[in-house]
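The values are calculated or read from the model by the stated rules, or taken from the named source; none is laboratory data. Not measured: the values here are computed from a predicted model. Here the Cβ is made from the backbone with ideal geometry for all residues, glycine too, and neighbour counts use every protein chain on show.
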Amino acid sequence: MKSEVVDNAGDGQPQVRIFCEYGPDHGLGHVMRCLALAQALVRAGAEVTFFTHSRQAAVQELLSGHGMSVEKLPESGRGLDFDPPVKENILTIFDHYGATEEQMLAYRRAGTRLAAIDDLADRRFSCEAVLNQNLGAGDLVYRVESGTKVLLGPRYALLRETILGVKRDPQERCVLITFGGAHLPDKVEAVLRRIAALDRRLKKPLRLLLATTSAQLPVVEALFQGLRHIEIEVFVDRLDLAPALRRCAFALTAAGSTVLELACLGVPQIALGLSPNQEVNGLKITAAGIGVYLGEAASLQVGALEEAFLSFLRGGKTLARMSERGRELVDGQGASRAAAELLKLLPAGRQPLQISSQP
């Protein structure tokens, strides 16, 4: 272990440390769902501190603005390569694909209580709890210790307080387009180019609420300049899209954490896969009845995106059913449920799980 983390936590209040990464290489879904969980933990009486190797100032300001302490780890760090806390009444939660089984075992041998937020089930988890909020989480097989809590599916969807407070305006007919915070200029530009080309097929004005980054803004403006029917309203480097969610009739989105936010608010969605970890969610969107998943953005069938988009613009009963099904599937209580389950790992006198030697 490399970076020592000093524990100044009090003895009475439950103490939780959350470790995650964010930024162009990681996207924003991980930190947003961790923030949602942190908010629920604080409501339940815990004190939460974030730990990260990332340096994106806007995200750190977002966390601080919600009352979260942020401890910066060396940028060169990887996974759980910092020392576990000394006290046993502290829970460490990590949301990071780079945390290895060896690092988890080292934490556990030090007596630390450890929980994971995951999407892939791609390694053995030596933890006391694993949470996967995705629609297809139940299809995955997790290799865990005997007695590990496994919290699966949208019953544990981690939604931030600003999302839960959104009240949609049924009179608004805008369309939200958002692809998260990862830096994927080629994939995003190709999709936006196809949407812009729809202008010649439209007969009525259409306002797009388009979330983008300052780096991609010049490309976005060039693509939609001078169109007859489509008008764009850009949200540049915005970490909180609640204002846009209030106004959208449906959304075109990546098949990440935003899928669950949209479902909870009753927003029908057209989803695309922008990274391999989104496939678990994506493949279940159509089956769940909350929208349609068109597959990987880089290999879309000719005309599939255009026809789906035009169909959603026509609206009707299909979209109404998607809206209703979304609210049924994601009830907004997932973060509170998850926080309650995770805090049960900390009662006085509870013994940590025994570490198995089985592969």
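Quick notes
- When E102 is tested against (1) buried (at least 18 other Cβ atoms within 10 Å of the Cβ); (2) part of a helix (DSSP H, G or I), only condition (1) is not met.
- Lone qualifier among V166, V150, V141 - being at pLDDT 95 or above and in a strand (DSSP E or B): V150
- Restricting region 26-60 to residues that are in contact with a Lys or Arg (Cβ under 7 Å, 6 or more places away or on another chain) and under 20 Å from T178 (Cα atoms), the residue that is modelled with the lowest pLDDT: M32
- Residue among L305, L272 that alone is under 16 Å from the mean Cα position of the chain (by Cα), closer than 23 Å to D199 by Cβ and touching a residue at least 60 places away in the same chain (Cβ under 8 Å): L272
- Complete set of residues in region 298-307 that are surrounded by fewer than 18 Cβ atoms within 10 Å (Cβ to Cβ) and part of a helix (DSSP H, G or I): A298, S299, A304, E306, E307
- Residue check: E189 meets all listed conditions (1) more than 20 Å from G273 (Cα to Cα); (2) of a type in the set (D, E, K, R); (3) in a helix (DSSP H, G or I) but one, namely (1).
- Of all the residues in region 44-99, those that are assigned to a strand (DSSP E or B) and not small (G, A, S) number 16.
- Members of region 219-238 found to be more than 24 Å from V59 (Cα to Cα), touching a residue at least 24 places away in the same chain (Cβ under 8 Å) and not β-branched (V, I, T), listed by number: L223, F224, L227, R228, H229, E231
- Test for G77: is it surrounded by 14 or more Cβ atoms within 10 Å (Cβ to Cβ), at pLDDT below 85 and not assigned by TED's automatic domain parsing to the domain that holds A255: yes
- Residues in region 135-156 that are over 24 Å from L114 (Cβ atoms) and surrounded by fewer than 17 Cβ atoms within 10 Å (Cβ to Cβ): 1 in all.
- Residues of region 212-234 satisfying the condition of being surrounded by 12 or more Cβ atoms within 10 Å (Cβ to Cβ), modelled with pLDDT under 95 and outside any helix (DSSP H, G or I): T212, T213, A215, Q216
- One residue alone among G256, G326, G295, G332 is outside any helix (DSSP H, G or I), within 24 Å of the chain's Cα centre (by Cα) and either of a type in the set (D, E, K, R) or surrounded by 24 or more Cβ atoms within 10 Å (Cβ to Cβ) (or both), and that residue is G256.
- A single entry from L176, L159, L131 fulfils the requirement of being assigned to a strand (DSSP E or B), under 15 Å from the mean Cα position of the chain (by Cα) and buried (at least 19 other Cβ atoms within 10 Å of the Cβ): L131.
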